[in-house]
Amino acid sequence: MTLLCLPVEVLSQVIEKLELKSILRCRRVCQILRKVVDSSVSIQYAIELLASGVLNNRIAPSDASVAAQSKSKRLANLRRLNTAWKYLRLPTEGINIPTQNWSTTYELSGGLFIQDVNEDLLAGQEVGSQSTLSWVELPSMSHRVVEVGEGEGGRGEEPRWTTREFEFRVADLCLDVERDLIVLVERRDTEAILPDGEIQYTITCILRFFSLSSFAHHPDASQRTISVCFVSPISDYMMVIQLGGDHLALLLPTRHNWLAGTDRFFLCDWTSGVRKDGGTVYDEAIIPQWDTVCFISHDTLLLPDTTGSVLNIYTFTDEPRSLFRAISLRLPHKSELATLVSITARSEPAPRSPHVRRRSSRPTTPWAYQRRPFTTDPDSAIVVLTLQYLMEENPFEAEETFVVHRSTFLELARRGVRSANSHATHVDARTPLEWAAWGPNCTRWGLGAPPPRWVCYTYGQRFVSMDPVPVRRMEDEDGQLSRPLIRITVYDFNMMNAKRDIPIEDDSHEKSHIRSEHPPYITSRNPNADADLHQAITNIRQLEVESGEVGGRCISANDAFGDYVSEVQNITTESVTSRPRILENDIVSSLPYRVVTTHEVFDWDSVMIDDERIIGLKEMPDAYGLESLEVLLM
């Protein structure tokens, strides 16, 4: 029996399990397979999932609200969401959520915004014996809400803040809504005077693991708390905490960049309590400066070294103290006039654990995120890196932002591990890979700066930035200036979304200089494959736009939604970034992306993003307190 002799239902199930390229190849084999692919809702849904970088919801398969959605409805919802992001098709009005608060710690994850509660700015800076957390579930495609004051018969229920008090001061927190997990950090400092008169501080961080829905001890954590102590000559530390599957990373970067060797780092498996770092993760001859940590996968993390101007990628196994530096990636050389003072890396959502258990016994799930039919694939996400430089002749810092795919870092780390020799210690002193050997083909520079203060500016393959509108700010009767006006820019590094707008009939134009050996987001340049890809993943019911090529950029003017207009560009050629006061040489970068900027303006002070929302933040006049959230549901 041949494959074509199988019943159509069985044949469809076989094809939908394939990778995207394999499905498209099947479509080109013969008319029978082409008809199967084009007519099967399941296959079309599989194509849309793969092309969008999203996954079916695997957490609550027994949840009635998820199971009730047919694949045709899921496909329609996913295409609608993709179209909304494609053109930044925003609702005419956002949903306003007031909050008068001076938060010192906050997090946005899985449609949940959580913050600590303080009466004023001074209260937020005090070290007390207790604290209060407040959180709100944001509107979702599966959990609609109405604004305060809207009458009955609205779209859902009013967003409500929930608060909870704790008998300790929450120094920081992190969330994984998919696993119903919240981690709270309590910090305790003690000091001792040494015989030579110097003061030595012992900083104890107590990690507490709760179920977010009940605030009982999380069932996946074998220990209620994990304590880690750091000894240091100073106590002035910031705190960075990140989750990656079953692992948790805690970084204490010092505020004093001139004091070398005082940053502290801790990595553990929070489900078992096993520590993965070896107490030190660097060669004593080269003391790094750590400002940020970012998980790339459940067993790989990025820990950049600002002093060495390198991106260090570490891997680890299930064994204790198994943290190993897989590869070091050199950043572009700075000019003699500039000093690199900090590196920030952001990437969301958190990588998934391969060991996570399904909660199929639970009839319903508490969070709208868990009830969604599809979620963003963490493996497809980008990493947004921001470099801050200090100029000798200018006290102000200058920033450069660039983007890399997680998959690129993972592939480079695998190559580093494969080529590494056996080492007796966890320190690998190999020479870093020079920028020219990896950067130009795998990054994109020259992007807008991340929004200020609120750091949840990337999710999946998208990154949001703010463009100030040059208008004069007016004063009111009390002398308060009006809010600054901004436009929203969204960068999308999903290659498939860019291909949907590229004219297929023009194959003479070189789309990118990325070599084929560089990894997973690169697609075939075969004209027929591109045509099949375009036809298979483009919803024929989507509104058409006029497209043309301008200087190697595909420009689309979207005026299909009434008064709403946005400017769309598909950047598929290499670009050159010239910053002679900061960088020694011009930066060539080639990572393809799509960028959309609204013509509509907003009176926001900052902006955040996730997979189905843009969240505007309005701050109080003191620029520290948060006044309200405005949610635009895509």
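Every number here is computed from the coordinates shown, using simple stated rules; none is lab data. No experiment lies behind these values; they were computed from the predicted model shown. Reconstructed Cβ throughout: ideal geometry from the backbone, glycine too, with neighbour counts over all protein chains shown.
Peptides 92-104, 165-177 ranked from most to least packed, by the mean per-residue count of other Cβ atoms within 10 Å: 165-177, 92-104.
Pairwise Cα distances in the stretch 297-337 exceed 16 Å for 43 percent of all pairs.
Computed packing ranks the peptides 373-382, 315-324 as 373-382, 315-324, most packed first, by mean other Cβ atoms within 10 Å. Once backbone amide H atoms are built at 1.01 Å from N, Glu137 has Arg160 as its partners under 5 Å, excluding neighbours fewer than 5 places away on the same chain. Spin-label model, Val469 to Val29: label points 7 Å out along the Cα-to-beta-carbon direction sit 5.5 nm apart. Counted residue by residue at 0.36 nm each, then reduced by the alpha carbon distance between them, the extension gain from Cys229 to Glu93 reaches 44.1 nm.
Within 10 Å of each residue's Cβ, count the other Cβ atoms and sort Phe265, Phe463, Phe230 from fewest upward. Before the final figure, lay out the partial values.
Details: Phe265 22, Phe463 25, Phe230 18.
Result, fewest neighbours first: Phe230, Phe265, Phe463.
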